[in-house]
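Heads up: the structure comes next, in structure tokens.
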Amino acid sequence: MLNYIWAFFFVSAFIGALYQAFFNGQLDIWQTMTETMFSSSKSAFTISLNLTGILCFWLGMMKIAEKSGITDFLASILYPLFRKIMPDVPKKSPALGSIVMNIAANVLGLDNAATPMGIKAMEQLQVENPNKKEASNAQILFMVINSSSVTLVPITILMYRSELGSTNPSLVFLPILFATCISTLVGFLSVAMVQKINIFNRIVLIYISVFITIISLLCVGFSFLSAEVRNAVASDFGNFIIGLIVCGFIIFGLFRKVKVYDEFIEGAKDGFNIAISIIPYLVAMLVGIALFRTSGVMEAIIIGVKELCLLLNINADFVPALPTALLKPLSGSGARAMMIETMQTYGADSFPAFVSAVVQGSTETTFYVLAVYFGAVKISNTRHALPCALLADFAGIVSAILFSYWFYIG
């Protein structure tokens, strides 16, 4: 599947460039396409390079957590759930603890912390994988949950809305929360259907019920706060959690008589090797995406959607936000740029900007996550991971649009 999609980016981009050159007279499109290839290749390397320090730090902390028994403790809490949805993962596997911490970081919007933890979890799952070139069921489920964007506190989006002049930056908080929950649920159910996971199992239902209850209580609690206080609390809470994790790991490690500095160095060494290993995967994906955008094919798709909405007599006010929706699964930085551009063009508190922000917060950079996580363990056959992840993205985008109409227009 990934082979065909990657090839589609290049072939469709070339056809789009031919159209621009021969029908629109833009003969300089070929120079632009060439510059895009070089710049996006450089960007892929820069991303990997910038990720090295973060990877080294968090993998070092993960090594302390592993040696001190923190990962085993966290895994024991969620073991009954993961034993049902990931039956191939052994009970004592350290991957369970890494998965738990990765999901927790994603929920809090701590992307820099979540990625190294996720890569570590994927490596640990790879140890249990009998076919090293093909993604296991557990790896696929983990990747889809990550790509469905489980987000409780969208700190970055609230910050951008505030900086660009929104009078109520936190207005997108609840629609993002609802949309991302639907995205995650659809992603999980799609994988469960393919892998024949029994979602009606009593243990699975208990965990899901507890999760929904916690989310509901948090929603009610945040709803009583003013927009300014809510934004401040969300940001401070996320930063507090990062500090708590780092300090807690070190203190607990010392308590368990772990040589925390030595273990940190050992774990950090893996960060450099992982950052180097994902460069080819990022170059392949980001170059194809950049050409797809530069050739004008994406713009043509957006225009086509708008015309279809008008033909079907559907409100097309959301269409200016579609570039964010279409780019988010492909490029996080591209989608972020589109969101900012929409806010600047239409106003931070306009409906297109509102939709764009909700979409940005309720979907994930699926192709980036796929390239980084599977690339880190050199898996080439991703099986049903991509279709299930894209289905979750689609559910997140549709939900984001519908909730935006509900919250913004009523």
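Longer than 24 Å from Cα to Cα, which of 92/259; 120/196; 91/328; 91/259; 84/259 are they? Say none if no pair is.
Details: 92/259 22 Å; 120/196 26 Å; 91/328 35 Å; 91/259 26 Å; 84/259 35 Å.
Listed pairs above 24 Å: 120/196; 91/328; 91/259; 84/259.
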Item to check | Spatially proximal lysines relative to residue 257 (Cα-Cα < 17 Å; intrachain offsets below 8 disregarded) | outcome: 63, 67
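Over segment 2-409, what is the relative contact order in whole percent, taking alpha-carbon pairs under 8 Å and six or more residues apart?
Details: 583 pairs, mean separation 119.6, N = 408.
This gives 29 percent for segment 2-409.
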Checklist outcome for this item: Per the helix-only model, the chain has a calculated mean residue ellipticity at 222 nm (DSSP H runs of ≥4, -39500 (n - 2.57) each, divided over all residues, rounded to the nearest 500) of -26000 deg cm²/dmol
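Magnitude of the Cβ-charge dipole of the chain, K/R +1 and D/E -1, about the Cα centre, nearest 20 debye? Numbers along the way, then the final one.
Details: 24 positive and 23 negative charges, 250 e Å.
Value, rounded to 20: 1200 debye.
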Next on the checklist: As I understand it, the value is the acute angle between the Cα axis of helix 385-404 and the longest principal axis of the Cα atoms of the chain; what does it come to in degrees, rounded to 10?
Outcome noted: 70
Checklist entry - If you count, for each residue, the other Cβ atoms within 10 Å and average over each peptide, how do 129-142, 360-373 line up from highest to lowest? => result 360-373, 129-142
Checklist outcome for this item: Helix 279-294: inclination vs the chain longest Cα principal axis, degrees, rounded to 10, gives 20
Checklist entry - Of 347, 50, 33, which is farthest on the positive side of the dipole of the chain, counting Cα position, with +1 on Lys and Arg Cβ, -1 on Asp and Glu Cβ, and the Cα centre as origin? => result 50
Checklist outcome for this item: One finds, for residue 131 and residue 203 with R0 = 35 angstrom and r their Cβ-Cβ distance, a FRET efficiency to the nearest 0.05 of 0.80
Item to check | Candidate lysines for bridging to residue 133, where Cα separation is under 17 Å - those fewer than 8 sequence places away on the same chain excluded | outcome: 378
Item to check | Gaussian network model of the chain, springs between alpha carbon atoms under 10 Å - residue of 67, 196, 269 with greatest fluctuation | outcome: 196
Next on the checklist: Rounding to the nearest 10 and keeping the result within 0 to 90°, find how far the Cα-based axis of helix 137-147 lies from the longest principal axis of the chain.
Outcome noted: 60
Checklist entry - Hey, of [x] 21.8, 66; [y] 23.6, 85; [z] 21.5, 71, which did the structure itself give for Rg and Dmax of the Cα atoms in Å when calculated? => result [z]
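Read-outs throughout are calculated quantities, based only on the coordinates presented, and are distinct from any laboratory measurement. Keep in mind that what you see is a predicted model, and the values were worked out from it rather than measured. Counting neighbours? That spans all protein chains shown, and the Cβs are built from the backbone with ideal geometry, glycine included.
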